[in-house]
Amino acid sequence: MRIGIDFGGTNIKFGLFAEDGTAQKFASVRVAELAASGNLLCAFLEQAAGFAAGETLRSGGLAMKGVVDRNKGTLINDMGIANIFAGVNVRRLFSERLGIPFSLENDARAYAVGEWKFGAGKAFDSVIVMTLGTGVGCGVILDGQLLVSASPTTGLLGGHISIDRNGPECSCGLRGCLELYCSAARFENQVLATFPELGPVPVPLQRFFAEAAVNPAYGRMLQTFQENLSIGIVNVMNAYGVNNLILGGGLMKSHRIILPRLVELVTRRAWLIPETRVCIVPAALGDQAACIGAAFLDQQDTRKCNDH
Ligand SMILES: [Zn+2]
């Protein structure tokens, strides 16, 4: 059994997974609930130990928002959500408390490993995994291995690729970054600001996508979204020479509406080997992907290129 933990801004997810990736146990705890104890780090560690109590664990891993030093097992930039880890060797802390080999990784990379090994990417030896959430996360699998290097940001920054140098200023210093247009949060804000009539329903974006074919104003905004996203995707595909891409995030509940034209636009523009087919598929594991990926991080380098 392996334990995977996904530390997000609001919730911490814990999962126990068998070797074939099936979840044996899954739980989600609010960060605020653990913080109420007065020592979030200590409460988090004990929550993990309690979750795994009585199980025979082989290894585990923690997926974190922000930039991590996977080799040292520390957090480099916590994006303001996890200052409890400042100066802490997270990997060693969990490894010693749980008594198992333990890994620390950026959550987008862990998500990519999860989808590649057990989700929508099982058939691919090389695939880019992009998630449209609060921002735009990115992880890259190249020739059967997660792309990492001595630089902690390698392969991660799909959201901070500019698609318009005259666009709005981004917090990173660039203008017109992809995530200013295509993160789920930004796009939803834009849709609701333009079409306030969508606001009161529980899932306004799903209604937006569902009605885009019959409402010309919605249709135009959808087309702009697809145009913008296609430029970002072509950029990352060209950068890595990879023609397979998994798109994740809540927006993909409407993948049947979003993907056909997106694939068409990317195919037209991607300067890949000419006969290479562009393949864009929705993620399959939902919000468990980073958790599963974290559980199998120690194994991700060992897969053979044709082992599927
Ligand atoms: Zn940016």
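The values are calculated or read from the model by the stated rules, or taken from the named source; none is laboratory data. In this text the structure is predicted, and so the values were computed from the model without any measurement. So basically every Cβ, Gly included, is an ideal-geometry build from the backbone, and we count neighbours across all protein chains shown. For accessibility, only protein heavy atoms count, side chains too; no ligands or nucleic acids. Shrake-Rupley method; radii C 1.70, N 1.55, O 1.52, S 1.80 Å.
Taking a Cβ cut-off of under 11 Å around G60, the surrounding Lys, Arg, Asp and Glu residues balance to a net charge of +2, with basic ones at +1 and acidic ones at -1.
A 1.4 Å probe run over the protein chains yields, for segment 104-192, 37 Å² of accessible area per residue, whole-number rounding.
Would you please state which residues of segment 1-18 a label at Q299 would reach in this model, taking the label point 7 Å out along Cα→Cβ and a backbone N cut-off of under 19 Å? Counting only backbone N, you get 1-6, 14-18. Only the Cβ atoms of Lys and Arg (+1) and of Asp and Glu (-1) were treated as charged; on that basis the dipole of segment 2-107 about its Cα centre amounts to roughly 120 debye. Values of log10 I(q)/I(0) for segment 122-284 across q = 0.08, 0.19 Å⁻¹ run -0.23, -1.26, by the Debye formula with one identical scatterer at each alpha carbon and no solvent. Taking L104, L62, L157 as the candidate residues, the one with maximal mean-square fluctuation in a Gaussian network model of the chain, Cα springs under 10 Å, is L157.
Label-to-label distance for Q24 and N77 is 3.8 nm, based on points extended 7 Å past Cα in the beta-carbon direction. In the chain, what percent of the accessible surface is made up of carbon and sulfur (1.4 Å probe, ligands and nucleic acids excluded)? Percent of accessible area from carbon and sulfur atoms in the chain: 51.
The orientation-averaged shadow of the Cα convex hull for the chain, equal to a quarter of the hull surface, comes to 16.7 nm². Size of segment 41-97: Rg and Dmax of its alpha carbons, in Å, are 11.8, 34. Cross-link partners of K65 among lysines, defined as those whose alpha carbon lies under 25 angstrom from its own and excluding same-chain residues fewer than eight positions apart: K13, K25, K117, K122, K253.
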